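Working notes, structure below.
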Amino acid sequence: MADEKVTRKGWQQGLQEGLQEGLQEGLQTGFLQGEVALLIRILEHRFHIIPPEYLIRINQAHANTLLLWAERVLDVATLTEVFA
């Protein structure tokens with residue numbers, strides 16, 4: 001009986017930790033997708049057409065890189081300069 005309580009408690013703790021980790025990963029993925037969508041929208045507004053090679057780079061980029069590119073949009077004249 002004591003072993004069953006320990007096993008149940010361990011199972012519940014493992015489940016709780018797994019749910020927490022899954023939630024964190026889901027939130028991070030959602031934030032990254034939002035940053036990608038926002039950068040694409042900003043680029044389309046400013047430069048109208050985004051070539052596929054840039055869309056690929058955007059979709060494969062890390063959050064810090066997306067932020068850097070979004071900031072560059074404010075200071076550059078061409079799409080090429082955003083990704084330089």
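A few points about this structure:
- Pairs with Cβ under 8 Å, 6+ apart, first in region 65-78 and within 19 Å of Glu35 (Cα to Cα), second surrounded by 10 or more Cβ atoms within 10 Å (Cβ to Cβ) and among the charged types (D, E, K, R): Leu66/Glu35; Leu67/Glu35; Ala70/Glu35; Arg72/Glu81; Val73/Arg46
Listed here are the residues, each with its yes/no results for (1) surrounded by 13 or more Cβ atoms within 10 Å (Cβ to Cβ); (2) aliphatic (A, V, I, L, M); (3) not in a helix (DSSP H, G or I).
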residue	(1), (2), (3)
Glu44	no, no, no
Ile50	yes, yes, yes
Leu66	yes, yes, no
Glu71	no, no, no
Ala77	no, yes, yes
Glu81	no, no, no
Ala84	no, yes, yes
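None of the figures in this text is laboratory data; all of them are computed from the coordinates on show. Predicted model, so just to flag it, every value in this text is computed and none were measured. Cβ: placed from backbone, ideal geometry, glycine included. Neighbour counts: every protein chain shown.
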